[in-house]
Amino acid sequence: GENVEQHPSTLSVQEGDSAVIKCTYSDSASNYFPWYKQELGKRPQLIIDIRSNVGEKKDQRIAVTLNKTAKHFSLHITETQPEDSAVYFCAASRPTGGFKTIFGAGTRLFVKA
Amino acid sequence: SAVISQKPSRDICQRGTSLTIQCQVDSQVTMMFWYRQQPGQSLTLIATANQGSEATYESGFVIDKFPISRPNLTFSTLTVSNMSPEDSSIYLCSVDRGQETQYFGPGTRLLVL
């Protein structure tokens, strides 16, 4: 069935280093891949997304890459800061008449000052 | 983005009772969704709330347990019926403002004793 796997489950980096979170999806009909950041006690917030007709997208310190053939997509955060500490969720969405989104299990990122 | 509110923000309920959660959006949206997020876990889609017709439920979720209403394009309710401690969770609504981009409400934190 539909599945999104996310790795690692926990990631600890030093401030200023880069962080990479990887996801794979199973449904080849998926065509939209958002990433959400959730701080403790708060709602998930969309931080970046990518569609299937694009291989890479960048927004300041955040970038996302997509390999549709391998069904892989990744989030890259450069020059990490303590305020980047949060749980990050990848997701894959496919059209259903409307659409349906499946979320990965999440990655808890710790950025040490 | 959309301004989304949920009521109540949190509640403590006795087992066997029911709780209705409201989701209000500041403008009309095509699609509204209800998710459950158990402590430390990812987001699981309960159902898509359809305006003017019955909600579309995901596997493992049924209308008798989670009845949903969507009377118009800005409002939806989710009822958690005959609650048990296993229903303790955060319940989030989300809306699509176009092109499958979802924005989440602040969530309702439910504890069932």
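The values are calculated or read from the model by the stated rules, or taken from the named source; none is laboratory data. Worth saying up front: this structure is predicted, and the values here are computed from it rather than measured. Note that each Cβ is placed from the backbone with ideal geometry, even for glycine, and that neighbours are counted across all protein chains shown. Areas reflect the complete protein model, heavy atoms only, side chains present, ligands, DNA and RNA absent. Shrake-Rupley method; radii C 1.70, N 1.55, O 1.52, S 1.80 Å.
So here's what we get for this one:
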| item | result |
| --- | --- |
| Conditions (1) surrounded by fewer than 17 Cβ atoms within 10 Å (Cβ to Cβ); (2) within 13 Å of another protein chain (Cβ to nearest Cβ): number failed by residue B:81 | (2) |
| Conditions (1) farther than 21 Å from residue A:102 by Cβ; (2) assigned to a strand (DSSP E or B); (3) of a type in the set (Val, Ile, Thr); number of the one not met by residue B:63 | (2) |
| Selection count where residues are touching a residue at least 60 places away in the same chain (Cβ under 8 Å), open to solvent by 30 Å² or more (accessible area, probe 1.4 Å) and away from chain B (no Cβ under 14 Å), scope segment A:65-112 | 6 |
| Residues of segment A:5-40 classified as assigned to a strand (DSSP E or B) and among the charged types (D, E, K, R), total | 3 |
| Those residues of segment B:21-37 which are under 18 Å from residue B:81 (Cβ atoms) and either among the charged types (D, E, K, R) or modelled with pLDDT under 95 (or both), in sequence order | B:36 |
| Strands (runs of 3 or more DSSP E) fully within segment A:41-91 counting 2 or more residues that are more than 19 Å from residue A:8 (Cα to Cα) | A:45-51, A:56-59 |
| Which listed residue is open to solvent by less than 10 Å² (accessible area, probe 1.4 Å), more than 9 Å from chain A (Cβ to nearest Cβ) and over 30 Å from residue A:109 (Cα atoms), from B:53, B:69, B:76 | B:76 |
| Complete set of residues in segment A:6-57 that are open to solvent by 80 Å² or more (accessible area, probe 1.4 Å) and within 10 Å of chain B (Cβ to nearest Cβ) | A:42, A:45 |
